[in-house]
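The values are calculated or read from the model by the stated rules, or taken from the named source; none is laboratory data. What you see is a predicted model, and the numbers here were worked out from it, not measured in a lab. Please note: Cβ atoms are built from the backbone with ideal geometry, for glycine as well, and neighbour counts cover all protein chains shown. Heads up: the accessible areas ignore ligands, DNA and RNA and are worked out on the full protein's heavy atoms, side chains in. Shrake-Rupley method; radii C 1.70, N 1.55, O 1.52, S 1.80 Å.
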Amino acid sequence: MPELPEVETVRRGLAARLPGKEVASVVVRRGDLRLPVPEAALREALPGSRLRQVERRAKYLMLRFDHGGVLIHLGMTGVLRVVDAAAPPQRHDHLDLIFTHGEALRFTDPRRFGAVLWAAGEPLEHPALAGLGPEPLEPSFNGAELSRRATGRRRGLRDLLLEGRVVAGVGNIYASESLFRARLHPVASCETLTPRQWNGLAEAIREVLGEAVAAGGTTLRDYQNAEGKPGYFQQALRVYGREGEPCPRCGTAIQRLVLAGRGAWYCPDCQPLKVPRRIARP
Ligand SMILES: [Zn+2]
């Protein structure tokens, strides 16, 4: 599943090619994605309009126009490519934005868990984006912000990081990787962290995501970036998917827990679970 670094990699690829280009037409071959594609609204809004910028919020790509934005979520298997508009569509090529210069932005999604939406006006105010937490790659993201948003939550850290309201766009892979780097146990309670540990966690999230973006995103399943090349960061994952392998820091076997139905990988030695004193006492 594309996570934030993959989406950011796609964004950079598209941002290098599409801003300033004018939309000629919209072709929807199959509109029954995770949410129905608003075909009429896209056809009404886009032809004759110039794409201003390609942005990202959490795992949504946003094609910004003067009067609104196209929000695209890649879901499980979504891929965006810039192709020659005359290239014959393949079976899972559900939507094309055709530009006047002869290229098309083509959305392919075999499993159709992705989404393509139109947000009139300011796209950041669209309900899909409005309640999201801070962007972890923004300079303003820090431990104090993370701690403030976690206040009152009784969840373990892994589950907390997957909540978009606490921090935007951190998926399961990077939640495990960030906790490993910060030496924090996946089920450690938010209430047990010191300000220094919150800062360490925020820094770890920023580093792990930043390195993945720099490496071009993690290759999983059908992921490809905007040039159709696979990402190549998977070999750098330190704990995710590595149950039983030696911890790269201390050599202890990596363990896997299942939390809320999803795996969490960690080193029991580097990420010890400290039971808070007031809970441990009778
Ligand atoms: Zn270790």
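Is the shape of region 4-130 rounded, prolate or oblate, going by the alpha carbon gyration tensor and its root eigenvalues a ≥ b ≥ c, with a/c under 1.5 for rounded and a/b larger than b/c for prolate? Cα axes put region 4-130 in the rounded bin.
Using just the alpha carbons, could you tell me how many Å³ per residue the convex hull of the chain encloses?
On the way: hull volume 37.8 nm³, N = 282.
It is 134 Å³ per residue.
Computed with a 1.4 Å probe over protein heavy atoms only, the accessible surface of region 1-112 comes to 41 Å² per residue. The slack in the chain from A24 to R165, taken as 0.36 nm per residue of separation less the alpha-carbon distance, amounts to 47.1 nm. For region 6-16, putting each phi into the Karplus relation 6.51 cos²θ - 1.76 cosθ + 1.60 with θ = phi - 60° gives couplings of 5, 5, 5, 5, 4, 4, 5, x, 6, 5, 7 Hz, in residue order, rounded to whole numbers and with x for Gly and Pro. Here the calculated FRET efficiency for R12 and H67, from their Cβ-Cβ distance with R0 = 25 Å, stands at 0.50, rounded to the nearest 0.05. In the chain, helical runs assigned H by DSSP with n ≥ 4 each contribute -39500 (n - 2.57); averaged across all residues and rounded to the nearest 500, the mean residue ellipticity at 222 nm is -7000 deg cm²/dmol.
Summary value for region 4-130: 30 percent relative contact order, contacts being C-alpha pairs under 8 angstrom separated by 6+ residues. To the nearest 0.05, how large is the calculated FRET efficiency for L273 and T100 if R₀ is 51 Å and r is the Cβ-Cβ distance? Given R0 = 51 Å and the Cβ-Cβ separation, E is 0.30. Inter-part distance, region 111-128 to region 52-77, computed on C-alpha centroids, equals 7 Å.
Using 0.36 nm times the number of residues separating E125 and R256, minus their current alpha carbon distance, what extension gain do you get?
Fully extending the segment from E125 to R256 adds 43.4 nm.
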